[in-house]
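This report concerns only the one structure given below.
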Amino acid sequence: MAGHDELTTPSAWVERWATLVLKGRVLDLACGAGRHSRLFLSRGCEVIAVDRAPHAIPGARFIQADLEDGSPWPLPGERFQGIVVANYLHRPLFPLLEESLAPGGILIYETFMQGNERYGKPSNPAFLLQPGELWRAFAGLHVVAFEQGLAAQPKPAMIQRLCAERR
C-alpha cells in the first residue's frame, strides 16, 4: 500500500466532485504531497494546504500544523469555497470544517471506515469511521452524494465518502 505522502493521483471521488467548486479558496486538509492541491490549482483555485509534515506545493499557500496536538486551529475565521479531506480522520475537527465552509461551499471528504482492518491499515478503530458517521457529522450541510463500503481502487479498502454543500 502506498503511504499517504506517496499518493500522486487525485482520488476519483475528489476529481468527480471538484467540478462543484467553481472558484475561490480551497482548503486541502492533511494534504500530504499535494495531489488534491495540484488538482484545485489546475482548476484556477487559490489553495491553502495544511499538513503536519513540511511540503513544497508550488502555487499553494502551505501551513505546517499538527492538527491533533491541541494547538489552536491554524485558520481562525477563514472561509473556503471548497474543503477536501482524504485518508485522514480526526473527529474533533468536524465542527471546525463545517464552520470554515463558506455559503455555497463544498466539502469533499473520503476516508477509511469500520471493516478496513480486514484489508490493512488503518486498522485502529479510532481511525475508522462508523457506518454513516460522515453523514451524521455533517448533518447541517446539504448532502450531494454519500457512499460507503468496499472500494476496489486504488486497493481494496472499506471507505466512506461524502460530498456536501453549505446552503
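The values are calculated or read from the model by the stated rules, or taken from the named source; none is laboratory data. Being a predicted model, the structure only gives us computed values, none of them experimental. Every residue, glycine among them, receives a Cβ derived from its backbone with ideal geometry; neighbour counts consider all protein chains shown. These accessible areas exclude ligands, DNA and RNA; they are computed on the full protein's heavy atoms, side chains included. Shrake-Rupley method; radii C 1.70, N 1.55, O 1.52, S 1.80 Å.
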In the range 32-43, what residues are part of a helix (DSSP H, G or I), within 11 Å of PRO10 (Cα to Cα) and either without any contact (Cβ under 8 Å) to a residue 12 or more places away in the chain or among the small types (Gly, Ala, Ser) (or both)? SER37
Looking at this structure, is GLY82 under 14 Å from HIS36 (Cβ atoms) and of a type in the set (Gly, Ala, Ser)? yes
Filter result (in contact with a strand residue (DSSP E or B) (Cβ under 6 Å, 6 or more places away or on another chain) and of a type in the set (Lys, Arg)) within the range 78-113: ARG79
Name the residues in the range 100-125 that are part of a helix (DSSP H, G or I) and more than 15 Å from the chain's Cα centre (by Cα), would you? ASN116, GLU117, ARG118, PRO125
Taking the range 29-43, which residues are open to solvent by 60 Å² or more (accessible area, probe 1.4 Å) and of a type outside the set (Lys, Arg)? SER42
If a residue must be of a type in the set (A, V, I, L, M, F, W, C), surrounded by fewer than 16 Cβ atoms within 10 Å (Cβ to Cβ) and part of a strand (DSSP E or B), how many such residues does the range 44-91 contain? 1
Test: ALA152 is surrounded by 13 or more Cβ atoms within 10 Å (Cβ to Cβ) and under 25 Å from THR19 (Cβ atoms): no
Could you grab me the full set of residues in the range 92-106 that are open to solvent by less than 40 Å² (accessible area, probe 1.4 Å) and hydrophobic (A, V, I, L, M, F, W, C)? LEU93, PHE94, LEU97, LEU101, ALA102, ILE106
Picking from VAL14, VAL26, the residue that is under 21 Å from PHE138 (Cα atoms), open to solvent by less than 60 Å² (accessible area, probe 1.4 Å) and assigned to a strand (DSSP E or B) would be VAL26
Scan the range 114-130 and give yes if some residue there is of a type in the set (A, V, I, L, M, F, W, C), more than 17 Å from HIS36 (Cβ to Cβ), loosely packed, with under 13 Cβ neighbours inside 10 Å and out of contact with any helix residue (DSSP H, G or I) (no Cβ under 8 Å at 6 or more places or on another chain), otherwise no. yes
